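Each remark here refers to the structure printed beneath this line.
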Amino acid sequence: MKTPNILKKAFNKAKDFINITKKEVKKVKRDFVKDFKRKYTSSKTVDKFEAGSLVTFTYNALDKTKKFDKKPLIVSLGFSKKFGRQRFLGLNLHHLPESQRVLLASLVVEMLKKKKKLTYNDVLPLIKKFKGSPILRMYAMRRVSKKVIKMPQDIYLRAASIDYATWHNP
């Protein structure tokens, strides 16, 4: 008769631990985002969107119903050859699950270790990989908010691990 009580107590204890841990992790991520926004928010400039940059901003999206397009977290693929500095391509990480966001950020970090500055040709395989996917987006510079957050490379993985809700509702 004691076994069911022990199992129930263990189950409840494990459940409580998981819930507390989730809350702690959420709080740590929220605090990170708040602190990060305070430190790294700056004015929009062309250099913040060089290929390989991890950037978040508010975007005046054409389709107002797509929340991920209003406040994207992108790996910039650089400026469009066709439109020059008026438009740039980006991989919107919010469209991916956490494990894939972190993997993609890790890939970009490794590419940047080999080359300090990525070119369009360096990221072309990424463009081909995500062609037709909702992750690949073209952004018009005039629709990007005046304030942007450009991530330092040493926190790409951590930034990519944070979900949309935490980035935009800390």
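The values are calculated or read from the model by the stated rules, or taken from the named source; none is laboratory data. Model, not experiment: these values are computed from the prediction. Reconstructed Cβ throughout: ideal geometry from the backbone, glycine too, with neighbour counts over all protein chains shown.
Report those strands (runs of 3 or more DSSP E) wholly inside region 22-96 carrying at least 3 residues which are touching a strand residue (DSSP E or B) at 6+ places or on another chain (Cβ under 6 Å), within 23 Å of K128 (Cα to Cα) and of a type outside the set (S, T, Y). Give the derivation first.
Numbers: elements: 41-43, 54-59, 73-80, 84-92.
Because the criterion is at least 3 residues that are touching a strand residue (DSSP E or B) at 6+ places or on another chain (Cβ under 6 Å), within 23 Å of K128 (Cα to Cα) and of a type outside the set (S, T, Y), the strands (runs of 3 or more DSSP E) in region 22-96 that meet it are 73-80, 84-92.
Given the criterion over 16 Å from R158 (Cβ atoms) and either surrounded by 14 or more Cβ atoms within 10 Å (Cβ to Cβ) or touching a helix residue (DSSP H, G or I) at 6+ places or on another chain (Cβ under 7 Å) (or both), identify the matching residue among N19, N12, N60, N5. Full working, then the answer.
On the way: N19 fails: either surrounded by 14 or more Cβ atoms within 10 Å (Cβ to Cβ) or touching a helix residue (DSSP H, G or I) at 6+ places or on another chain (Cβ under 7 Å) (or both); N12 fails: either surrounded by 14 or more Cβ atoms within 10 Å (Cβ to Cβ) or touching a helix residue (DSSP H, G or I) at 6+ places or on another chain (Cβ under 7 Å) (or both); N5 fails: either surrounded by 14 or more Cβ atoms within 10 Å (Cβ to Cβ) or touching a helix residue (DSSP H, G or I) at 6+ places or on another chain (Cβ under 7 Å) (or both).
One residue alone meets the criteria, N60.
So which residues in region 32-48 are of a type outside the set (S, T, N, Q) and touching a residue at least 40 places away in the same chain (Cβ under 8 Å)? Talk me through it step by step, then tell me what you get.
Start the filter on region 32-48 by keeping residues that are of a type outside the set (S, T, N, Q), which leaves 32-40, 44, 46-48.
Across region 32-48, the qualifying residues are F32, V33, K34, F36, K37, Y40, K44, V46, K48.
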Hey, I127 within 21 Å of R30 (Cα to Cα), surrounded by 12 or more Cβ atoms within 10 Å (Cβ to Cβ) and in contact with a strand residue (DSSP E or B) (Cβ under 9 Å, 6 or more places away or on another chain) or not: no
Residue selected from region 140-170 under the condition over 21 Å from S43 (Cβ atoms) and among the charged types (D, E, K, R), by the criterion modelled with the lowest pLDDT: D163
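So, R137, is that one farther than 16 Å from S53 by Cβ and either modelled with pLDDT of 85 or more or part of a loop (DSSP other than H, G, I, E, B) (or both) or not? Outline the logic, then answer.
Values: farther than 16 Å from S53 by Cβ: no; either modelled with pLDDT of 85 or more or part of a loop (DSSP other than H, G, I, E, B) (or both): yes.
No: the conditions fail for R137.
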Tally of residues being touching a residue at least 24 places away in the same chain (Cβ under 8 Å) and surrounded by fewer than 21 Cβ atoms within 10 Å (Cβ to Cβ) across region 105-122: 8
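Within region 92-101, can one find any residue that is surrounded by 14 or more Cβ atoms within 10 Å (Cβ to Cβ) and more than 21 Å from R158 (Cβ to Cβ)? Steps first, answer last, please.
Pass one, region 92-101, residues surrounded by 14 or more Cβ atoms within 10 Å (Cβ to Cβ): 92-96, 101.
Among the residues that remain, those that are also more than 21 Å from R158 (Cβ to Cβ) are: none.
No: region 92-101 contains no residue that is surrounded by 14 or more Cβ atoms within 10 Å (Cβ to Cβ) and more than 21 Å from R158 (Cβ to Cβ).
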